[in-house]
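Visitor: Next up is a structure, given as structure tokens.
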Amino acid sequence: ISDLHTDWDTNMEFLRSLPIGPFKKDVLLVSGDVSHDTEVFVGTMRILLDRFGYVFFVPGNHDVYVSHADANADDRSSCSLAKQRWLLSTCAHLGVWTHPVRFLNEHLVIVPLQAWYHAEFDEEPEVLSSSWPKSIARRNSRMALLGDEISCHWPDSLGKDPAKRNYALAKLLDAYNDYTSIPDTSACRDDPHVRPVSFEEALMAREQGDQVISMSHFLPHHALLPEKRFLFFPQLAKSSVSLFLKNRVARLRPLLHLF
């Protein structure tokens, strides 16, 4: 599942309504956009852990939103990159998987992939502004990326220009997927048949015959996004897809990729 947005009471109440017990042997993949609020995020993950045997998570753009007040008050929200690291650390503490895991008995590997979008993936011609009334065209242009530009705060080292910064960020977060240190987590301590692995070990497991399921918040291929002429915000094409993610999924060759 994706985009739980449990900031909305209706969405949170739906999760609370799920029964405890029937899904305890199931795995739940949560591909981002749970909540920008840290307390809501932790509460959501605890609800899911109470109901599912294993929970996997990758951060989405809304999860790394920080406000100026947060940035001044809390190290976890000093910038969106710090928020990303806090999310991964908190998940490890709770027992939510954010790294690849191999289920030995099922011959299955689940691979969460961190990513960020960048505009270089967008090779489709722009929608002619003449097809929109001028006021609507201006509004669409402003609003398409407005949320991320206002609510995400990145280190200056990534650059000031949004397009160059997003490319650098996409490259950086993709490199995180090669990080070989396995976090300490309680998620598999009671099951010796569940083993955390690195990305390279996931590739080797696939070569040995295991099935692989991968997951991300952003899209690994432009064909998964409708053409611009069908989008209310045509600029979404510049904020949805990653070439780095495409290449990584191509290396992994999963049975399924979920987003």
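Any read-out appearing in this document is the output of simple, stated calculations on the displayed coordinates, not a laboratory observation. It should be emphasised that the depicted structure is a prediction, and the values quoted were computed from it without experimental measurement. Because the Cβ atoms are built from the backbone with ideal geometry, glycine has one as well, and the counts that use them run over all protein chains shown.
Visitor: For a label point 7 angstrom out from the Cα of S67 toward its Cβ, which stretches of segment 1-30 have the backbone nitrogen within less than 15 Å?
Guide: Correct set: 7-8.
Visitor: Is the C-alpha gyration tensor of segment 1-117 telling us rounded, prolate or oblate? Criteria: a/c under 1.5 is rounded; beyond that, a/b larger than b/c is prolate, otherwise oblate. Please list the in-between numbers first.
Guide: Working: a/c = 2.21, a/b = 1.40, b/c = 1.58.
Judged from the Cα gyration tensor, segment 1-117 comes out oblate (a/c at least 1.5, b/c at or above a/b).
Visitor: Turning to a different aspect of this structure: What list of ³J(HN,Hα) couplings, whole Hz, do you get for segment 240-245 from phi and the Karplus terms 6.51, -1.76, 1.60, once you set θ to phi - 60° and write x for glycine and proline?
Guide: Whole-Hz 3J(HN,Hα) from phi for segment 240-245: 9, 10, 9, 5, 4, 5.
Visitor: Now for a different question. Is the shape of segment 1-63 best called rounded, prolate or oblate, per the rule: a/c under 1.5 gives rounded, else a/b larger than b/c gives prolate, else oblate, with a ≥ b ≥ c the square roots of the Cα gyration tensor eigenvalues? List each step's numbers first, then the result.
Guide: Values: a/c = 2.08, a/b = 1.39, b/c = 1.50.
Oblate, since a/c reaches 1.5 and b/c is not below a/b.
Visitor: With a point put 7 Å past each Cα toward its Cβ, work out how far R253 is from S151 in nm, to one decimal.
Guide: 4.0 nm
Visitor: Additional query: For V197, what residues show an amide H to amide H distance below 5 Å, using hydrogens built from the backbone and excluding near sequence neighbours?
Guide: Amide H to amide H, under 5 Å and 5 or more residues apart or across chains, V197 pairs with V101, R102.
Visitor: Still on this structure, please answer the following. Can you tell me how much longer the chain between L18 and E126 gets when fully stretched, taken as 0.36 nm per residue apart minus their C-alpha distance, in nm with one decimal? It would help to have the intermediate numbers written out before the result.
Guide: Working: separation 108, 0.36 × 108 = 38.88 nm, distance 4.34 nm.
Using 0.36 nm per residue and subtracting the Cα-Cα distance, I get 34.5 nm.
Visitor: While we're here: Highest mean first, what order results for 36-48, 91-103, 192-204 on Cβ atoms within 10 Å?
Guide: On the way: 36-48: 18.2, 91-103: 21.1, 192-204: 15.8.
So the peptides 36-48, 91-103, 192-204, ranked by packing, come out 91-103, 36-48, 192-204.
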